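The values are calculated or read from the model by the stated rules, or taken from the named source; none is laboratory data. Just so it is clear, the model here is predicted, and its values are computed rather than measured. Virtual Cβ from ideal backbone geometry, glycine too; neighbours counted across all protein chains shown. Accessible surface areas use protein heavy atoms only, side chains included; no ligands, DNA or RNA. Shrake-Rupley method; radii C 1.70, N 1.55, O 1.52, S 1.80 Å.
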Amino acid sequence: MEATFGSGDLTDYARRRMALALYAKGQSFLGASILLQRHGGDEYVVLHLTSQGTEIIMKALLLLLDYKKFAKPNRRYGHDLEGVAAEALRVFGLHPMRPALAQEVKALNVFYKGNLLRYNGLPDIFIDPKTIGRHRLLRRTTAVIRLANREIAKLGQP
């Protein structure tokens, strides 16, 4: 007989540790995007890492808030930056994104959600990746990280 484990079998401590590990991965994806951008990395990879880091950080923060409640919805969003951002804004009681940021997220989401940043295709030859905005998203995500890090530190590790 094979034993299986699901999130229902985990302790609250284990759920928190998993959410914190996911949060750390998101920060690493963002950090990698910044390093690549500074050192001449492929711009599509920079865009993908920025998107992936932002997505994972938002999902991790939802899991830190209530792992049991958000574990399944997080899977439902997949790689949808707009969907997970809307949920995070709603759950944390934040104001909607400013129009310029919302437009940037929407445009970036088309490429990210469609896996057009990871694989080669027509965008590689027809769209200059430097024309796809990400600076507002990166600044906002960095601000969220600073705030979240303070809140996480207040609660203490683990």
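Quick one: which of Y67, Y112, Y119 is at pLDDT 90 or above, hydroxyl-bearing (S, T, Y) and more than 12 Å from the chain's Cα centre (by Cα)?
Y67
Do you know which residues across region 34-45 are open to solvent by less than 40 Å² (accessible area, probe 1.4 Å) and either modelled with pLDDT of 95 or more or not in a helix (DSSP H, G or I) (or both)?
G41
Of all residues in region 78-95, which are under 22 Å from I152 (Cβ atoms) and either in contact with a helix residue (DSSP H, G or I) (Cβ under 6 Å, 6 or more places away or on another chain) or of a type in the set (G, A, S) (or both)? I'd like the intermediate steps shown before the answer.
Pass one, region 78-95, residues under 22 Å from I152 (Cβ atoms): 84-85, 87-94.
Once the filter is applied, which keeps residues that are under 22 Å from I152 (Cβ atoms) and either in contact with a helix residue (DSSP H, G or I) (Cβ under 6 Å, 6 or more places away or on another chain) or of a type in the set (G, A, S) (or both), region 78-95 yields V84, A85, A88, G93.
Just the residues that are open to solvent by less than 70 Å² (accessible area, probe 1.4 Å) and either in contact with a Gly (Cβ under 8 Å, 6 or more places away or on another chain) or touching a residue at least 24 places away in the same chain (Cβ under 8 Å) (or both), please, taken from region 79-96.
Answer for region 79-96, where residues must be open to solvent by less than 70 Å² (accessible area, probe 1.4 Å) and either in contact with a Gly (Cβ under 8 Å, 6 or more places away or on another chain) or touching a residue at least 24 places away in the same chain (Cβ under 8 Å) (or both): D80, L81, V84, A85, E87, A88, V91.
For region 1-11, does any single residue satisfy the condition of being modelled with pLDDT under 95, outside any helix (DSSP H, G or I), closer than 28 Å to G156 by Cα and polar (S, T, N, Q)?
yes
Yes or no, residue by residue, for (1) at negative phi; (2) β-branched (V, I, T); (3) touching a residue at least 24 places away in the same chain (Cβ under 8 Å); (4) surrounded by 14 or more Cβ atoms within 10 Å (Cβ to Cβ):
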residue: I57; (1), (2), (3), (4): yes, yes, yes, yes
residue: L65; (1), (2), (3), (4): yes, no, yes, no
residue: K69; (1), (2), (3), (4): yes, no, no, no
residue: Y77; (1), (2), (3), (4): yes, no, no, yes
residue: N149; (1), (2), (3), (4): yes, no, no, no
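Return the pairs, sorted by first residue and then second, in which the second residue is in a helix (DSSP H, G or I), the first residue lies in region 98-122 and is of a type in the set (S, T, Y), the beta carbons are less than 8 Å apart, and the residues are 6+ apart or on different chains.
Y112/L47; Y112/H48; Y112/S51; Y112/Q52; Y112/E55; Y112/L81
Confirm whether L22 is surrounded by 15 or more Cβ atoms within 10 Å (Cβ to Cβ) and either under 24 Å from K130 (Cβ atoms) or more than 13 Å from the chain's Cα centre (by Cα) (or both).
no
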